Amino acid sequence: MGSCHRLTPVLLLAAAACTSSPRPVGHPDSDPEAVVLAARVVETMGGVAAWERTRFVHWNYFGRRRHWWDRETGDVRIEVDDVVFLMNVRNRRGRVFRAGEEVTDIGRLKLLLSQCYEMWSNDSYWMFMPFQLFDPGVVLHLVGTSELQAGRPADLLEVTFEGRAHRPHARYLVHVARDTGLVEAWDYYVDRGDAEPEFAAVPWSHWERFRGILLATQHGQGADWEVAVYGSLEASVFQDPSPLGESLR
């Protein structure tokens, strides 16, 4: 899941909780304690201001799909094998090229752009979820504790959604380590009423700093996520379908 929009004033208040500013305000159905915990996570990752300054990001989702995202304009570039998607996730318009040839059939293009948006929405949530804990419609609850590797304690933050078109019935359990204050694992339930998760204890690990923000660079399976944050990128990254390959990481 994901949002191309800048974070809301609600998140600004949430982050301010760590600096004795007004009490954080989340969704009306959220637990106050959960809101405070989520705000601390964001602050530990660098804070709202640093995230707001972050414009160009790149990652490789499990080594399968390479993303470049201009958070200011909403432009994205996704490379999957020999297919290059150039799209704006705000208006969902764009172009698709397969083996260098542009897809011009309207029906086929519409389907591919829909797939592009789904890939970006899913993959960006895997990459940046903690910065999206206060997006509109996100409901937070503290539902207990868990034990990480080596017996380290963590708080369980339940994430559900209200009024969201994308995966409205999904449920996540986010494991926030007490010693680091970072998300170190999560469980995903396709439906919030499911007894068992689709996946469990998927790690968020190898946290690294990128231009003022912390990001998890591994999520299991030994894949190289190629995470990068740029101060600037040429416009051609989002306009030229020529594969970038390893030229820009």
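The values are calculated or read from the model by the stated rules, or taken from the named source; none is laboratory data. Everything numeric here is computed off the predicted structure, so don't read it as measured data. Virtual Cβ from ideal backbone geometry, glycine too; neighbours counted across all protein chains shown.
Got a number for residues in the stretch 191-249 being surrounded by 12 or more Cβ atoms within 10 Å (Cβ to Cβ), closer than 27 Å to Glu52 by Cβ, aliphatic (A, V, I, L, M) and modelled with pLDDT of 95 or more? The qualifying residues number 9. Hey, does the stretch 228-235 have a residue that's free of Cβ contacts under 8 Å to residues at least 60 places away in the same chain and farther than 26 Å from Arg92 by Cβ? The answer is no, given that none of the residues of the stretch 228-235 is free of Cβ contacts under 8 Å to residues at least 60 places away in the same chain and farther than 26 Å from Arg92 by Cβ. Within the option set Phe131, Phe62, Phe85, being surrounded by 14 or more Cβ atoms within 10 Å (Cβ to Cβ), of a type outside the set (Gly, Ala, Ser), closer than 24 Å to Val183 by Cβ and touching a helix residue (DSSP H, G or I) at 6+ places or on another chain (Cβ under 7 Å) holds for one residue only, Phe131. When Ala99, Ala154 are screened for being of a type in the set (Gly, Ala, Ser), surrounded by 20 or more Cβ atoms within 10 Å (Cβ to Cβ) and out of contact with any Phe, Trp or Tyr (no Cβ under 7 Å at 6 or more places or on another chain), only Ala154 passes. Summed over the stretch 64-110, residues that are of a type in the set (S, T, N, Q), closer than 25 Å to Ala228 by Cα and either over 22 Å from the mean Cα position of the chain (by Cα) or part of a strand (DSSP E or B) (or both) total 1.
Contact map, the stretch 208-224: first residue in a strand (DSSP E or B), second residue among the basic types (Lys, Arg) and at pLDDT 90 or above, Cβ cut-off under 9 Å, separation 6 or more or different chains; pairs are Ile213/Arg53; Leu215/Arg209. Counting the residues of the stretch 136-163 that are free of Cβ contacts under 8 Å to residues at least 60 places away in the same chain, closer than 15 Å to Asp29 by Cα and part of a loop (DSSP other than H, G, I, E, B) gives 1.
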